[in-house]
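Visitor: Right, I'll just put the structure down here and ask away after.
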Amino acid sequence: MGEQLKIACGVFGAVNFQKQPIFPYIYWGLRAQNHRGHQSHGFLTYNNGKFHAHRKLDLVPKLKTNAIQEWFGRLPGYIGIGNVRYTTSGKTDEKSLIKGTQPVTASKNGLKLAVSFNGNVVNTIQLKKEINKEFADFSYECDADLICHKLLIELTKDNNLASAVKTCMREIEGAFSVAGITRGGEFFSFKDPYGIRPLCAGHSKDHSTYAFSSETVGLNINELERDFEIEPGELVTVSKDGFKREKLVNSRKRAFCAFEFAYFARPDSRFDEKYVYEIREEFGRNLVRENPDIVKDADVILSLPETGDDSALGVHEESGLKWERASRRHRYVTERAFILLNRERYSTIDKKINILAPKIKGKRVIVTDDSIVRGDTTKVTIEKLCKMGARKVYLFITFPRIIGPCFYGIDMATYSQLIGSKHIPEEITKIIGADAVRYQSIEGFIEATGFSRDQLCLACLTGKYPTPLAQKIAGEMKERFLKGYEETGRLYEIAETVEKA
Ligand code: SF4
């Protein structure tokens, strides 16, 4: 069922040292990661000191074979970066979305830079002020603009990429996983000192191609082997000899986004040693171990495709309960409600999945799902199951209760939009009309990931934010929320209000 959240972006970049056109790699790297951003896509290649870009709204398109030569002509070169985006910062009208499509570029004093970015910047106000001093015509459309311009400002000081990136790591607060190209053809990537969003590196068997990708699926589709996940505070550059890794900033802690495991990442992607699907199966097993009373009172397990499928297998294996494939996806209704604007959400929510009434009629069902954010989608689904004759509906939720907003690239901007910030599970059960809602424990969740608690960002679950300004803003927002102030939209606007106050 999924709760239709938005993630900021998917990043892919590659270089081919046999000077083969890089466009096909970028194209497929983004196609494999379109789940990370549906609103817009962009390709940028580098050829003889020039950048060539193609940016458009919507999904990465299918290409006709006979148009390939035209694409090669439009995007020449053997180095390239690309991005798929869903805005979690900046304006959301169509004109702004087009302007905010990545990769972005900036130029100054003969230097030029192109950047593809995933994440969210927290100290936007301070950075905008600084950039405005250097670029009179600076127009902010998305956080990638901040990263690109700030990096360029630092580069103009001594034209040293490592020291420029190091200053960015020290002075930009937030989540940023970046792939970029300089005008001189230097291909690089780096991550914030907490390593909040994913970004991995890989190469082709013959070592002619090297790439960076948000998820390993971007490497797989290009038949590239995964080498490593970029470390927090690390800069990676690429030459014919391979990757050069430099740890520029010592991180206080790693804070990899826990929500990647539960919802965003594709199940066939891998972070560190484990595949996401393995972790989700373990989530299901944990939920069975943690809730024997529910398992005892259930007849079947039901997962609504596709985010609950892996955990449903875990529930089935651990409990022995039958896993019914009681729902089918309408094959050519491809929209996920989270890609839609609010006003469109309700009209499509019900259209993607068909539930088979005979499979659930008169049965007590456990439904596995990844998360409950607002609760509206979940409520609709439960109503539907009851209408189809389910006798009882129990919900197993793999991501523990979300109690606070995210400042690092996920579209959970306010306390008021989160059902879990206002209600305990018993109340949520009543609101959404289930017979019980059981969340996986935070401890069980952490253990299943294979990471330790101090390697994960759990801020939306615990209220403990890894970066100081985010912690401060969250505290002030919570105070206002508890006093009953209306929360007005997106997190960067709220952050501006708070900073100005
Ligand atoms: S606050 Fe939650 S969603 Fe945001 S980065 Fe941290 S774990 Fe991920």
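Visitor: Name the residues in the range 32-57 that are surrounded by fewer than 24 Cβ atoms within 10 Å (Cβ to Cβ) and out of contact with any helix residue (DSSP H, G or I) (no Cβ under 9 Å at 6 or more places or on another chain), would you?
Guide: Residues satisfying the conditions are ASN34, ASN47, ASN48, GLY49, LYS50, PHE51, ALA53.
Visitor: May I pose another question? Enumerate the pairs (first residue in the range 194-206 and among the β-branched types (Val, Ile, Thr); second residue anywhere and open to solvent by 10 Å² or more (accessible area, probe 1.4 Å)) with beta-carbon separation below 8 Å, excluding pairs fewer than 6 apart on the same chain, so at least 6 apart or on different chains.
Guide: So the pair list comes out as ILE196/CYS257; ILE196/CYS457; ILE196/PRO466.
Visitor: Now a separate question. Hey, can you tell me all the residues within the range 454-484 that are without any contact (Cβ under 8 Å) to a residue 24 or more places away in the chain, more than 12 Å from the ligand (Cβ to nearest atom) and loosely packed, with under 15 Cβ neighbours inside 10 Å?
Guide: Result: GLY475, GLU479, LEU482, LYS483, GLY484.
Visitor: Could you tell me whether TYR263 is of a type outside the set (Val, Ile, Thr), modelled with pLDDT of 95 or more and within 21 Å of the chain's Cα centre (by Cα)?
Guide: The answer is no for TYR263.
Visitor: While we're on this one: Can you pull out every residue in the range 401-413 that is open to solvent by 10 Å² or more (accessible area, probe 1.4 Å) and more than 9 Å from the ligand (Cβ to nearest atom)?
Guide: Correct list: ARG401, ILE403, ASP411.
Visitor: Against the definition (more than 10 Å from the ligand (Cβ to nearest atom) and either open to solvent by less than 40 Å² (accessible area, probe 1.4 Å) or under 30 Å from VAL300 (Cα atoms) (or both)), how does PRO425 come out, yes or no?
Guide: For PRO425, the condition - more than 10 Å from the ligand (Cβ to nearest atom) and either open to solvent by less than 40 Å² (accessible area, probe 1.4 Å) or under 30 Å from VAL300 (Cα atoms) (or both) - is met.
Visitor: In the range 238-260, what count of residues is obtained for those that are within 16 Å of the ligand (Cβ to nearest atom) and aromatic (Phe, Trp, Tyr)?
Guide: In the first step, residues of the range 238-260 are kept if they are within 16 Å of the ligand (Cβ to nearest atom); the result is 251-260.
Next, from what is left, pick out any that are aromatic (Phe, Trp, Tyr): 256, 259.
The number of residues fulfilling the criteria is 2.
Visitor: Would you mention how many residues in the range 254-280 are open to solvent by less than 50 Å² (accessible area, probe 1.4 Å) and part of a strand (DSSP E or B)?
Guide: Total meeting the criteria: 3.
Visitor: For the range 191-209, enumerate the residues that are in a strand (DSSP E or B), open to solvent by less than 10 Å² (accessible area, probe 1.4 Å) and farther than 14 Å from VAL249 by Cβ.
Guide: CYS200, ALA201, GLY202, THR209
Visitor: Given the range 95-190, what helices (runs of 4 or more DSSP H) lie entirely inside it while holding 2 or more residues that are open to solvent by 20 Å² or more (accessible area, probe 1.4 Å) and hydroxyl-bearing (Ser, Thr, Tyr)?
Guide: Working: elements: 124-134, 143-158, 161-171.
So the answer is 161-171.
Visitor: Any idea how many residues of the range 300-327 are among the β-branched types (Val, Ile, Thr) and at pLDDT below 95? Give the derivation first.
Guide: Initially, the range 300-327 is screened for residues among the β-branched types (Val, Ile, Thr), giving 300-301, 307, 315.
Of the ones still in play, those that are also at pLDDT below 95 are 307.
Qualifying residue count, the range 300-327: 1.
Visitor: Tell me yes or no: at least one residue of the range 383-400 is more than 18 Å from the chain's Cα centre (by Cα) and within 16 Å of the ligand (Cβ to nearest atom).
Guide: Yes, that holds for at least one residue.
Visitor: Now, a different point. Quick one: would you say SER189 is within 28 Å of ILE410 (Cβ to Cβ), among the hydroxyl-bearing types (Ser, Thr, Tyr) and either at pLDDT below 95 or in contact with a Lys or Arg (Cβ under 8 Å, 6 or more places away or on another chain) (or both)?
Guide: So SER189 does not fit the description; no.
Visitor: Mind checking whether some residue in the range 429-443 is within 11 Å of the ligand (Cβ to nearest atom), within 23 Å of TYR275 (Cβ to Cβ), crowded, with 18+ Cβ neighbours inside 10 Å and not aromatic (Phe, Trp, Tyr)?
Guide: No: zero hits.
Visitor: Then there's this: How about the range 281-315: which of its residues are open to solvent by 60 Å² or more (accessible area, probe 1.4 Å) and within 23 Å of LYS384 (Cα to Cα)?
Guide: Within the range 281-315, just GLU306 meets the criteria.
Visitor: For the range 261-277, which positions are farther than 17 Å from ILE446 by Cβ and in contact with a helix residue (DSSP H, G or I) (Cβ under 8 Å, 6 or more places away or on another chain)?
Guide: PHE264, ARG266, PRO267, ASP268, SER269, ARG270, TYR277
Visitor: Same structure, new question: Would you please name the residue that is nearest to the ligand (Cβ to nearest atom), looking only at residues in the range 211-229 that are in a strand (DSSP E or B) and surrounded by fewer than 24 Cβ atoms within 10 Å (Cβ to Cβ)?
Guide: Checking each candidate, the answer is GLU229.
Visitor: Which of the numbered conditions does THR381 fail, given that it passes all the others? Conditions: (1) at pLDDT 90 or above; (2) open to solvent by 10 Å² or more (accessible area, probe 1.4 Å).
Guide: Here THR381 clears every test but (1).
Visitor: Check VAL60, VAL15 and return the single one that is crowded, with 23+ Cβ neighbours inside 10 Å and part of a strand (DSSP E or B). Break it down into steps so the answer makes sense when it comes.
Guide: Working: VAL60 fails: part of a strand (DSSP E or B).
It is VAL15.
Visitor: Quick check on my filter: what residues within the range 233-253 are part of a loop (DSSP other than H, G, I, E, B), at pLDDT 95 or above and open to solvent by 10 Å² or more (accessible area, probe 1.4 Å)?
Guide: Within the range 233-253, the subset part of a loop (DSSP other than H, G, I, E, B) is 233, 240-241, 248-253.
Adding the requirement that they be at pLDDT 95 or above leaves 233, 240-241, 248-249.
Listed by number, the residues that qualify are LYS240, ASP241, LEU248, VAL249.
The values are calculated or read from the model by the stated rules, or taken from the named source; none is laboratory data. Keep in mind the model is a prediction, meaning the values are calculated, not measured. So basically every Cβ, Gly included, is an ideal-geometry build from the backbone, and we count neighbours across all protein chains shown. Side chains included, ligands, DNA and RNA excluded: accessible areas come from the protein's heavy atoms. Shrake-Rupley method; radii C 1.70, N 1.55, O 1.52, S 1.80 Å.
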